[in-house]
Amino acid sequence: MSEVIPVKINGKTLEEVIEELQNKYNIVGREVELKLALAAKLAKKHLLLEGDVGVGKTTLAHAIANYFSLDLERVDGDDRYSAARLVGHFDPPMVMQKGYSKESFVQGPLVSSMQKGSMLFLNELNRMPEGTQNVLLAAMDEGVVIVPKLGEIRAADDFYIISSMNPQEFVATTPLSEALKDRFAWIRLEYQTEEEEREIVTIKSGVSDEQIIDPVVRIIRKSRDWNDLRRGSSIRGAIDFASILQYLDKTQPKSWLDAGIMALSTKVELEDGVDKRVEDVVKDIIHEVLADQDFF
């Protein structure tokens, strides 16, 4: 059997790089996802991260870009994001002076990142129209974009794309074409364990009181399986909940209800046909989780 030679990046093993990224970006866990993302970058395979809101897709993208010393250009997708915005456009006054030239062309983030050899982070790619998504095909395949009246633009060697997408069942998403998906390596990011989520909330909120952290994390995790909700809360809900509650009297039920409603009402989505107000559903969840603490 041949000897396995450890992969090294800048003289460090993958495990050492992962630990460095975890420490620098306060990333809790995610060893497997970080290793796979690093492998994709080393293999020069553009990367698609899929997962619910708040699972850390953006943090992972920033960590990879920073480690490889790549500038990062971020695009936030929505259903009005046109191909012209992604590629670039000609500035009419400049066209009048200099014609259709490089000087009159205003680069979009795709062309800019291609020419600089930087990382393009396409956040919520599946919220972009299909026509905009399709502009990426030639850039990913051949490192080329053709701009009418300007010609061919070629990507520098370090040009790299990381895209994120919400699961397709989310509202206002556009399914990615098979051709586009075929050009990505793919990683799914799931919600993390309860222990890891407690550690994340402690770090991000600055709250170390377990009598706050533990119930708050249980509340947001309960929201993800609550019948009245189509979508439960991400870890951001727990961070906000704990951050607010630390300034209130945690021994009072009203403090938990007030902080919970403030933190979670914008982070959950009611199931179709539910005629309750979202704040009443949040109250129900808090009541159930805290029932064993004799609050209610």
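Taken together, the values in this text are just the output of simple stated rules run on the coordinates, not laboratory data. Being a predicted model, the structure only gives us computed values, none of them experimental. Backbone-built Cβ (ideal geometry, glycine too); neighbour counts: all protein chains shown.
Given the chain, what percent of its DSSP beta bridges are antiparallel, to the nearest 5?
Given both bridge residues lie in the chain, the antiparallel proportion sits at roughly 40 percent.
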Quiz prompt | Test item: Cα-centred dipole of the chain, Lys/Arg +1 and Asp/Glu -1 on Cβ, debye | solution = 1160
Quiz prompt | Local electrostatic count, M128, Cβ distance below 13 Å [Lys/Arg +1, Asp/Glu -1] | solution = -2
Self-check item: Alpha-carbon centroid distance for the pair region 59-92 / region 260-284, whole angstrom
Solution: 33
Quiz prompt | Given K250/K283; K222/K250; K12/K204; K181/K222; K222/K254; K24/K222, the pairs whose alpha carbons are separated by over 22 Å | solution = K12/K204; K181/K222; K24/K222
Quiz item: Let a ≥ b ≥ c be the square roots of the eigenvalues of the Cα gyration tensor of region 244-296; is it rounded (a/c under 1.5), or, if not, prolate (a/b larger than b/c) or oblate?
Solution: oblate
Self-check item: Net dipole in debye of region 51-175 [+1 Lys, Arg Cβ; -1 Asp, Glu Cβ; about Cα centre; nearest 20]
Solution: 360
Practice problem: Report the net charge of residues surrounding S101, where surrounding means a beta-carbon distance below 14 angstrom and charges are Lys +1, Arg +1, Asp -1, Glu -1. | Solution: +1
Practice problem: Starting from the Cα of Q115, move 7 Å in the Cα-to-Cβ direction to define the label point; list residues of region 137-160 whose amide nitrogen is under 18 Å from there. | Solution: 139-140, 143-160
Exercise. On a 0 to 90° scale, report how tilted helix 235-245 is relative to the longest principal axis of the chain, with both axes built from alpha carbons and the result rounded to the nearest 10.
Key: 50
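Mind giving me the FRET efficiency for S208 and Q97? R0 is 51 Å, r the Cβ-Cβ distance, nearest 0.05 is fine.
The computed FRET efficiency comes out at 0.25.
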Quiz prompt | Sorted by Cβ density within 10 Å, fewest first, the residues M165, M140, M114 | solution = M140, M114, M165
Quiz item: Cα axis of helix 14-25 to longest principal axis of the chain: angle in degrees, 0 to 90, nearest 10?
Solution: 70
Quiz item: Between A185 and L270, 0.36 nm times their residue separation minus their Cα-Cα distance comes to what?
Solution: 27.3 nm
Exercise. Grab the other residues whose beta carbon is less than 11 angstrom from that of L257, score K and R as +1, D and E as -1, and report the net.
Key: -2
Quiz prompt | For region 6-108: Kirkwood Rh in Å [reciprocal of mean 1/r, alpha carbons] | solution = 16.5
Quiz prompt | FRET efficiency estimate (nearest 0.05) - Cβ-Cβ, D280 to A39, R0 41 angstrom | solution = 0.30
Quiz item: Roughly how tilted is helix 194-205, in degrees to the nearest 10 and between 0 and 90, from the longest Cα axis of the chain?
Solution: 80
